[in-house]
Structure formats: structure tokens, C-alpha cells
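The values are calculated or read from the model by the stated rules, or taken from the named source; none is laboratory data. If you're wondering where the values come from, they're calculated on a predicted model, not measured in any experiment. Cβ sites come from the backbone with ideal geometry, for glycine too, and all protein chains shown count toward neighbours.
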Amino acid sequence: MTPGRTKGMGPYLLILPAVLLLGIFLVLPYLNIVLMSFRVPGQGTPYGVGFTAGNYVKFFTDSFYILQVVNTLWIGLLTTAICLVVGFPVAWQLARADMKFRGLAYGLVLSPLLVGIVIRSYGWTILLGNNGLINRTLLNIGLIERPLPLMYNALGIVIALVHVFLPFMILPIMAAIQGVDPSLHAAARSLGASKTTAFRRIILPLSLPGIQAGCILVFVLSLSAYVTPSLIGGLRVKTMAVTVVDALIDTFQWPFGSALALCLSVTGAIAVVIFARLTRMKWKAS
Amino acid sequence: MTEVSIEKLTKTFGSARAVDGISVRIANGEFISLLGPSGCGKTTTLKMIAGFEDVSGGAIRFDGQDVVNVPAEKRDIGMVFQNYALFPHMTVEQNLAFGLEMRKVAKPEMRSRISRVLEMVQLTGYAERYPRQLSGGQQQRVALGRALVIEPKILLLDEPLANLDAKLREEMRVFIRDLQRRVGITTVYVTHDQAEAMTMSDRVVVMFGGRIAQIGVPADIYERPENLDVAQFVGQVNLVKGTVREGGSDGRCAVETTFGVIEVHSARMHAPGTAVTLTLRPEAIELGAPGKGAKGTVLSSYYSGSLIDYRIELEGGDIIHTQAFPHNRFADKERVGVYAPADRFWLLGAAA
């Protein structure tokens, strides 16, 4: 009996608790955010009486916010790209090579996830700061004369985000490569393809689902990251997520903060859809 | 068309010798099987011929040219893998085109070669399918077509039928053999299935522990095995103990057994009184009423449809297996006559 043919209410009753849970604690709050984003700013209260599109007008007409979206997208793209370039060889090695310490290497890849994100980000401030380990060392060796600007800029945020999110790139790619039959590479070689051609024509396209998943994960996580950008970026460089929290908590502008949050979500969603379209796999369909 | 010559080929993994100095000459257009249990070095040998495994010592020559230092993609081989190794993201046509693209074959010629090969492997009309839309047998034929469309010097097959069910396996044996004959390509076939090796090959190379135990035409391997390992690997075999009565210098040797005095071929001199072992294939034996041949007692019988399997204890204590047609049944503990023609006995190590 196929599940779709089941008669009666039984199955629906079974998923009811989950539907209620999601509905009450996820869908309703989201709807409330949408509603909130159209409310009038209040004086001394979270929001005033009536509705307006003013929050969105403010967002789209103020180049400060547009620039911030561009900045956030740029940081997300850069983080994703670096994670891909750095992560792919690691994933390949973990999936394929005969390594003595594969277990250890696997543990090292996962290790960033074992330490809280706040601690990791603080760690980077110790390394990247003007008085931090990196600048100190370079100064002492005499390679530089004044500290390199590693913190309070996009570069510092990207460095820290790459560290934090690298496992999310490596793991799906590793799984995808493990799923590719090693004899395919040999088959391509036997047909006259060099190692690089065999990689480009066979291994790369077949590990694309993993690359796609890893990129989407890292990109989305980078866009919505709050702790790392706020600690490393400080007051000077702000990403959208940081600005949203500022609006909600520091300046108590709930309606505008909600509008900002939605704009960030929609931007991210559009970027992901475009990416998924570009990397769509014909052979997977049907 | 290519002649392959393997000379003292060796492969070591650490201190283990996976392939231990084997030499074979494979004639132009010959179908040769590497037969042996897993771990005997047959697949490693194939991988070295293909160029996927480095060679520790020795030479592999294609038409006299040593290819040991030639990378796999430059060796001009066609290979069929056990799991087919079809590119899942490419259609049948794209799979076949891959090797031609690597060779920069012009589009029109590519099309005509692909359609010719598709016809050859009986897959015309399947060009647009993806591998996963095909049955195991069809995938196998695509793999064969992909290896042949590039018109390679040699065809290498690594246990290509191992994943197919029994019926299809027998069909594919005939199919591959016919195709190979038609194309006339030098072929090396790796298998652990003796029936496969026997039915398909011009010659069989039996390997044990990285070494060649015997090279010969299938009938040689089956009827005149070099040693006990070979005899047992290529089929059920009965061992008959005997004593040399006369180890003549004329290549003959008279051995006294429970079957009487049997004269067997032997290149080696044996002193009278030496204990030897003769092999006797189950199908060479005829069972009948006591009187003809050796005396025996039926220990047990198993009905298997077209034949009945018997275990019989001979007078001297040897236990033998044989099969007989059901029209002539013998009960357990029944006394029988066990007869075999003298030329079906074989003295192990006779050629040494």
C-alpha cells in the first residue's frame, strides 16, 4: 500500500503536533514580522497606530542601506568562494586519499563546530587585532612597519567567517565525492583523458550536488551571521544582520528592523535561487 | 592489431608480492583469461597492463614497445569494469563519444562510429538514455561499446559479468566472445569463474599467490592440470592414490590403483614403489553393476534434477564424487562397479 492511497484522517492526525508546533512557533512569528514591517514607528512604544510602506521606502531610498546589502552580499560571496577553494581539496583528500590519520583529520575539520561561535570569534580578535598575534609577530620580525588593518574591516570578517563555516562546505562535498565511484576516474583515463580532464569532465560534475549544497549553506549562514561580524567588524563595518539587531535592540525601531530583516531574507533567497538555477543538473531530473 | 608481451612482471606492496615475476605472450587477436581466486594478482596484473598501477619490475610490451612508463591515457586500451563505470551524468551517446572526443575525432565520423558500435552491441535506439535507465545487461553492453568505439589496441575486461544474474551471464559470455572474434581484438579477461574462463578463452592463465600456476588451452587446464591447486580450482576432481609399478623412460608410467594398473603420461621418471596421486574428473566415471572397474559402495546420493550426485567409497578407502543420469539409480550402501577409461586419469605434475 502506498502512503498516498491511505484513507481516513489517521496520517493527518499523526503530523498534527508537528504542524501545530511549526505553525505556532515559526509561521505565526514570521507573519508577525511581515505585519510589523508595515507598522508605523512609535513614540516610546514599539510601534504606533496604523500601517505604512514607509519602512520599505526608507530602505530603498537610503543608499546607506543599499550599500550595506551590497556589502553583506559581497562578504557572503567572498566567504563562500574562499570556503570552496580551500575546502574542496580537503574534502577530496578526506574522501579519497589513503590517509593514516583520516579519523584525526576528520576530527580537525569538525573541531571548529565544537567550540562556541562567540569564543571562536573572540579568538580571532586576539589574532587579528592591531596588537594581536599576527601583527605583533610581523612587526617583531620586521616584515611590516605598522600594523596591518586586519580587523574592523570586511577582510577580518571574511577571514573569521571562513574559519567558522568551512566545515559546512567540506562535509557535503566530501559526502558527494565519496558517492562518486572511483572506477569512473579510471574509466575516463582508459578512454584517453588526462588526470585533469578526467577530474574536470567526470569528478567535478558528479560532485556538483555537494558543491551546491555547501555553497548554499555557507552563503546563507554568512548572510545571517551576527556574532562574528559584530565582534570583528566592530562599529566600522556592519553587515545587514548587525544593522537589523541594532535597529531592534539598540534603537528600538521594531517596524523598520522587521523591514530590514525581510529585505535581507528576500535578497538571500533571490541569490540562492539564481545560484541553484545556474548550477542546475539536467541529468538529475527525470 | 597488437601482440602483448609480459616479461617478469612484478608488483610489490610493501613486503608483499602481489604479482611475482609473471611472463606471458599474448598473440595478436588472442582471447586470454587470467583465472584465479581473489588475491591471486590477476586484477593487479590487469591494472598494470592498463596503466592504473605502477610496475615494480619487469616489462609490458605492446608490439615490442615497452609501455611501463606510458600513462594510462596514452596506452590506447579499451577497458570494461566490473561495475561498468558508465558516466552517470552522460547519455549512452555521450558515454560513447567521450573517448572519441579525447582523440579529437571529427563530429561526422564520431556520429557514424557511435551508431556502428551501438548496432554492434545491439543498443540502437538507446543513444539518448541515461545509464540508470538501462538494465544491467544493457549497461554492460554500453560499457563494452564505449571500450570498443575508440578502436583500441587491446581490450581489457575486469570481471565484467560478476554483477549479472546467472542466465544473463551465460548470454553475455557468448555475446562478448562472438564480438571479440568479429572485431579480432587482442583481449585480456580477468575472472575467478572457471566456467567463464573455459568457455570464452583461447588460452587460460591460472594464477595463485601472484604466480602463474599454468598456461594452456582450456582443455589442457581442465584435463591435464599442472598441480592439485589448478585441478581443484577449475572444477570438481577426484583424487586416486596409486603406486608406481614401472616409471618408464618413454614418457609413460604404469600406476597401480584400485582401478587396476593405469598407464599415464609422465615426462618425469618415477622409481617403482613411489606413491603418486592421479586425478579423475567426476564426469569421466561410469557407474554400473559390480564387476566392471573398481569395487565401491554408495555412501550417499543427492538428487539435483538432471543428474544425481553420488559419494562412493572405493575398496582401497578413497572417496570419490560422480554424477549419473537418474534412469539408473543406486541406493545408499549398494555395491557398485566404478569404471573410468584409462585415458581420463592424469598424473599430477606429469609435465614438470
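Checked across segment A:201-217, the condition of being assigned to a loop (DSSP other than H, G, I, E, B) and touching a helix residue (DSSP H, G or I) at 6+ places or on another chain (Cβ under 8 Å) holds for at least one residue.
With of a type in the set (A, V, I, L, M), closer than 20 Å to B:Gly317 by Cα and at pLDDT 90 or above as the only criterion, which of B:Val298, B:Val255, B:Val204, B:Val240 stands out? Outline the logic, then answer.
Values: B:Val255 fails: at pLDDT 90 or above; B:Val204 fails: closer than 20 Å to B:Gly317 by Cα; B:Val240 fails: at pLDDT 90 or above.
Of B:Val298, B:Val255, B:Val204, B:Val240, the one residue that is of a type in the set (A, V, I, L, M), closer than 20 Å to B:Gly317 by Cα and at pLDDT 90 or above is B:Val298.
Mind checking which residues of segment A:135-164 are aliphatic (A, V, I, L, M) and within 26 Å of the chain's Cα centre (by Cα)?
The initial filter retains those residues of segment A:135-164 that are aliphatic (A, V, I, L, M), namely A:138-139, A:141, A:143-144, A:148, A:150-151, A:154-155, A:157-162, A:164.
A:Leu150, A:Met151, A:Ala154, A:Leu155, A:Ile157, A:Val158, A:Ile159, A:Ala160, A:Leu161, A:Val162, A:Val164, listed by residue number.
Only residues that are closer than 11 Å to A:Gly192 by Cβ and part of a loop (DSSP other than H, G, I, E, B) were counted across segment B:50-106, and they come to 6.
Taking residues in segment A:184-204 that are at the interface with another protein chain (Cβ under 7 Å from one of its Cβ atoms) and in contact (Cβ under 8 Å) with a residue 60 or more places away in the chain, and partners anywhere that are assigned to a helix (DSSP H, G or I) and of a type in the set (Lys, Arg), not one pair has Cβ atoms closer than 6 Å while being at least 6 places apart or on different chains. Does B:Arg129 qualify as being in contact with a Ser or Thr (Cβ under 7 Å, 6 or more places away or on another chain) and assigned to a loop (DSSP other than H, G, I, E, B)? Yes: the conditions hold for B:Arg129. B:Glu226 meets the conditions (1) buried (at least 20 other Cβ atoms within 10 Å of the Cβ); (2) more than 23 Å from B:His192 (Cα to Cα) in every case but one. The failed one is (2). Somewhere in segment A:220-238, is a residue within 14 Å of chain B (Cβ to nearest Cβ) and surrounded by fewer than 19 Cβ atoms within 10 Å (Cβ to Cβ)? Looking through segment A:220-238, none of the residues is within 14 Å of chain B (Cβ to nearest Cβ) and surrounded by fewer than 19 Cβ atoms within 10 Å (Cβ to Cβ). Within segment A:169-176, does at least one residue satisfy the condition of being closer than 24 Å to A:Leu77 by Cβ, within 14 Å of chain B (Cβ to nearest Cβ), out of contact with any Cys (no Cβ under 6 Å at 6 or more places or on another chain) and not polar (S, T, N, Q)? Yes, segment A:169-176 contains a residue that is closer than 24 Å to A:Leu77 by Cβ, within 14 Å of chain B (Cβ to nearest Cβ), out of contact with any Cys (no Cβ under 6 Å at 6 or more places or on another chain) and not polar (S, T, N, Q).
Considering only segment B:36-49, how many residues are touching a helix residue (DSSP H, G or I) at 6+ places or on another chain (Cβ under 9 Å) and in a loop (DSSP other than H, G, I, E, B)?
Within segment B:36-49, residues that are touching a helix residue (DSSP H, G or I) at 6+ places or on another chain (Cβ under 9 Å) and in a loop (DSSP other than H, G, I, E, B) number 2.
For segment A:164-177, a residue qualifies if it is modelled with pLDDT under 90 and surrounded by fewer than 21 Cβ atoms within 10 Å (Cβ to Cβ), but none of them does.
Report yes if some residue within segment A:115-131 is more than 14 Å from chain B (Cβ to nearest Cβ), surrounded by 18 or more Cβ atoms within 10 Å (Cβ to Cβ) and not in a helix (DSSP H, G or I); otherwise report no. Yes, segment A:115-131 has at least one match. Residues being of a type in the set (A, V, I, L, M, F, W, C), touching a strand residue (DSSP E or B) at 6+ places or on another chain (Cβ under 8 Å) and closer than 30 Å to A:Ala91 by Cα are represented in segment A:175-189 by at least one member.
When segment B:55-75 is examined, which residues are found to be of a type outside the set (Val, Ile, Thr), surrounded by fewer than 18 Cβ atoms within 10 Å (Cβ to Cβ) and within 14 Å of chain A (Cβ to nearest Cβ)? Explain how you work it out, then say what you get.
Keep residues of segment B:55-75 that are of a type outside the set (Val, Ile, Thr), which gives B:56-59, B:61-66, B:69, B:71-75.
Among the residues that remain, those that are also surrounded by fewer than 18 Cβ atoms within 10 Å (Cβ to Cβ) are: B:56-57, B:59, B:61, B:63-66, B:69, B:71, B:74.
Answer for segment B:55-75, where residues must be of a type outside the set (Val, Ile, Thr), surrounded by fewer than 18 Cβ atoms within 10 Å (Cβ to Cβ) and within 14 Å of chain A (Cβ to nearest Cβ): B:Pro71, B:Lys74.
Within this structure, A:Met99 passes the test of being within 30 Å of B:Glu159 (Cα to Cα) and outside any helix (DSSP H, G or I). I'd like to check something: does segment B:257-278 contain any residue that is free of Cβ contacts under 8 Å to residues at least 60 places away in the same chain and among the charged types (D, E, K, R)? There is no residue in segment B:257-278 that is free of Cβ contacts under 8 Å to residues at least 60 places away in the same chain and among the charged types (D, E, K, R). Within segment B:26-54, take every residue that is of a type in the set (S, T, N, Q) and loosely packed, with under 15 Cβ neighbours inside 10 Å and give me the one that is modelled with the highest pLDDT. Among those that are of a type in the set (S, T, N, Q) and loosely packed, with under 15 Cβ neighbours inside 10 Å, it is B:Asn28.
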